[in-house]
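One structure below.
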Amino acid sequence: MAVIALKCPTIEVVVVDIAVSRINAWNSDQLPIYEPGLDGVVKECRGRNLFFSTDVEKHVSEADIVFVSVNTPTKTRGLGAGKAADLTYWESAARMIADVSKSDKIVVEKSTVPVKTAEAIEKILTHNSKGIKFQILSNPEFLAEGTAIKDLFNPDRVLIGGRETPEGQKAINKLKSVYAHWVPENRILTTNLWSAELSKLAANAFLAQRISSVNAISALCEATGADVAQVAYSVGTDSRIGPKFLNASVGFGGSCFQKDILNLVYICECNGLPEVAEYWKQVIKINDYQKNRFVNRVVASMFNTVSNKKIAILGFAFKKDTGDTRETPAIDVCKGLLGDKALLSIYDPQVSEDQIQRDLTLSKFEWDHPTHLQPMSPTTVKQVSVVWDAYEATKEAHAVCILTEWDEFKNLDYQRIYNNMQKPAFIFDGRNVVDGDKLRAIGFIVFSIGKPLDQWLKDMPAVA
């Protein structure tokens, strides 16, 4: 919305939310999320044609186009629990739009939603419309966190799905005219509603599948002495495959990949396609396997126990340049180490102690529900300390686990870190960001995902 306000100065954009604290943060100097470049865009437009308000009903009733970006968490109970999307928040938003509208509106799905959501929303709006006409469009978001502003300024494509009726086409063209202020027309794709909804799920599933594929190969590389970076580079030079999303790691995270694949699995099952569902399930299973394998490697290497040993965790966000921790592999790695009674000292440049403690105590999928519906004060994990400096985190530690590829981790003074650690000193690089040979020369025992194993690690095999 901030970028639309920047690129379309004649359009008034109002972002509304029932959470007062969040709107207050958007109106302050300390924005509620960290995203490179966002601060400048918001400050340029705020108060001119970009506004943040808690008066939801007033602004929805006045709007010509309403973008709905509410949470669509994975259901935790009932039919489809653990796979299907929970549309509670979408439904209540649709009912509110129908209640307060006094003029015809275009309602745009921004949330990632299961295929055919638009049909359900259409039914709610139509049955409560009091004669007002609504057109539903699907306009899924393909930006990536950490590069979101850059992606919005120069998108690969903007996708708009709508009804194949004269009214539907008119609504598509109206939204298209907004994006056309800065996006070349050949990059604005229009489809039917179901294709747009499914394209988002399919794109995320394909990207996650690439990561799980290279991570599966990384296990084989370690077993055979191959180097996953060399294998990925060789594979990526094939123009039919390409180099992107072939970096082996401790696993993928983020708010979309796991949720969207589970969604896809559920849709396949509901449509009588168990084999297709099973195929996509494997992408999640390999991701879980990779995280478990990493924990097992840490424990096995350190004489089969990490009980009461201090382990430094560098990086908690699911990737660099974001403070987002949703589904970050760090959660499962930390829980695995805590299960063996490790003492964790965690450092991440953008994630607060409160957030880390919440993530380590919330149940699966609870993170995706609005904050006021989450447990109020999750119990803190006593074995965890959160510090604001990598050197503090690693002081007196037995091992270092790098779980996010923050650039600063490449340039730390590892000699200083080594000097202040217990010996033998271990580094488990879950993102392949450090130079293993340089660290071995200092004296570290190094494990890098998918790289040939140190003799020490060969002598202490990890059982998956």
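The values are calculated or read from the model by the stated rules, or taken from the named source; none is laboratory data. A quick note: this is a predicted structure, and the numbers were derived from the prediction, not measured. Positions of Cβ are backbone-derived with ideal geometry, glycine not excepted, and every protein chain shown enters the neighbour counts. Quick note on the areas: whole protein, heavy atoms, side chains included, nothing else; ligands and nucleic acids left out. Shrake-Rupley method; radii C 1.70, N 1.55, O 1.52, S 1.80 Å.
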Size of charge dipole - the chain - debye, nearest 20, with Cβ of Lys, Arg +1 and Asp, Glu -1, no other charges: 440
Length-normalised contact order for the chain - Cα pairs under 8 Å, 6+ apart - percent: 13
query: When N is the residue count of segment 173-261, what does its C-alpha Rg come to as a fraction of 2.2 N^0.38 Å?
result: 1.46
message: Compute the distance from the alpha-carbon center of segment 394-427 to that of segment 34-72, in whole Å.
response: 42
- request: Name the residues whose placed amide hydrogens come within less than 5 Å of the amide hydrogen of residue 386, ignoring near sequence neighbours (fewer than 5 apart) on the same chain.
  value: 346
- line: Total charge of the residues flanking residue 341 in space, meaning their Cβ is under 14 Å from its Cβ, with Lys and Arg +1 and Asp and Glu -1, is +3
- prompt: Which pairs, out of 102/133; 75/281; 410/458; 133/200, put more than 21 Å between their alpha-carbon atoms?
  reply: 410/458; 133/200
query: For the chain, which whole percent of the accessible surface, found with a 1.4 angstrom probe, sits on carbon and sulfur atoms?
result: 53
query: Quick one: in segment 31-124, what % of C-alpha pairs are over 16 Å apart?
result: 65
Projected-area mean, segment 272-348, by convex hull of Cα positions, square nanometres: 6.5
query: So what does the Cα-only Debye profile of the chain read at q = 0.09, 0.10 Å⁻¹, as log10 I(q)/I(0), no solvent term?
result: -0.66, -0.81
